[in-house]
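Engineer: Questions regarding the structure given below will be posed in turn.
Bear in mind these aren't lab numbers, they're just calculated from the coordinates by the rules spelled out. Treat the numbers as computed from the prediction; the structure is a model and nothing was measured. Methodologically, a virtual Cβ is constructed for each residue, glycine included, from the backbone with ideal geometry; neighbour enumeration extends over all protein chains shown.
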Amino acid sequence: MYKLDRNTDFSFLAGVHIDQICVSTGASTIAGDRQVVIKIFGGFAIGQSRPPLKRFEGEIEDAVALFSLLGDGIKSANAAVDGGLELAFDSGTVLEIFSDNDQYECFTVENGDVLVVA
């Protein structure tokens, strides 16, 4: 629905350690220290190298692919060219969250009082 501006600053995500992955109907939630919560409502891709990453369409069973992020730390976070979010982790894992639905939000990023919707 909303595309991120390529210059959106996600430096506050660097160094965050993932301590919780939650799965519910319609959303997967990645929570970390420092009050960081990332909710995914649609498609994403995850893998150890770029490219190729394995693409998932946001179904409940797809959330299993996110479980490997538990205990991992975010190395860097950037707005993707297509308006999504790219996260690189200390383990070498890359997570790309797509912003490819024109009718609904695809993800949110929360950090205390900060809320980013795309």
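Engineer: For ASP90, are the conditions met, namely being of a type in the set (Asp, Glu) and in contact with a Gly (Cβ under 6 Å, 6 or more places away or on another chain)?
Structural biologist: Numbers: of a type in the set (Asp, Glu): yes; in contact with a Gly (Cβ under 6 Å, 6 or more places away or on another chain): yes.
For ASP90, the condition - of a type in the set (Asp, Glu) and in contact with a Gly (Cβ under 6 Å, 6 or more places away or on another chain) - is met.
Engineer: Just to verify a result, which residue in segment 37-66, among those that are under 16 Å from LEU115 (Cα atoms) and either free of Cβ contacts under 8 Å to residues at least 24 places away in the same chain or out of contact with any Gly (no Cβ under 9 Å at 6 or more places or on another chain) (or both), is surrounded by the most Cβ atoms within 10 Å (Cβ to Cβ)?
Structural biologist: Quick first cut of segment 37-66, residues under 16 Å from LEU115 (Cα atoms) only: 37-41.
Applying the additional criterion that residues be either free of Cβ contacts under 8 Å to residues at least 24 places away in the same chain or out of contact with any Gly (no Cβ under 9 Å at 6 or more places or on another chain) (or both) yields 37, 39.
Values: VAL37: 16, LYS39: 20.
Selected residue: LYS39.
Engineer: On the basis of being polar (S, T, N, Q), touching a strand residue (DSSP E or B) at 6+ places or on another chain (Cβ under 9 Å), surrounded by fewer than 16 Cβ atoms within 10 Å (Cβ to Cβ) and part of a strand (DSSP E or B), does SER76 make the cut?
Structural biologist: Working: polar (S, T, N, Q): yes; touching a strand residue (DSSP E or B) at 6+ places or on another chain (Cβ under 9 Å): yes; surrounded by fewer than 16 Cβ atoms within 10 Å (Cβ to Cβ): yes; part of a strand (DSSP E or B): yes.
In short, yes.
Engineer: Could you list, in sequence order, all residues of segment 52-73 that are in a helix (DSSP H, G or I) and of a type in the set (A, V, I, L, M, F, W, C)? Before the answer, list the steps.
Structural biologist: Within segment 52-73, the first condition is being in a helix (DSSP H, G or I), and the residues that meet it are 60-69.
Hits for segment 52-73 are ILE60, ALA63, VAL64, ALA65, LEU66, PHE67, LEU69.
Engineer: Quick check on segment 94-118: of everything there that is in contact (Cβ under 8 Å) with a residue 12 or more places away in the chain and aliphatic (A, V, I, L, M), which residue is surrounded by the most Cβ atoms within 10 Å (Cβ to Cβ)?
Structural biologist: ILE97
Engineer: Any residue at all in segment 27-36 that's surrounded by 15 or more Cβ atoms within 10 Å (Cβ to Cβ) and in contact (Cβ under 8 Å) with a residue 60 or more places away in the chain?
Structural biologist: Residues of segment 27-36 surrounded by 15 or more Cβ atoms within 10 Å (Cβ to Cβ): 27-32, 36.
From the residues that got through so far, the ones that are in contact (Cβ under 8 Å) with a residue 60 or more places away in the chain too are 36.
Yes: segment 27-36 contains one or more residues that are surrounded by 15 or more Cβ atoms within 10 Å (Cβ to Cβ) and in contact (Cβ under 8 Å) with a residue 60 or more places away in the chain.
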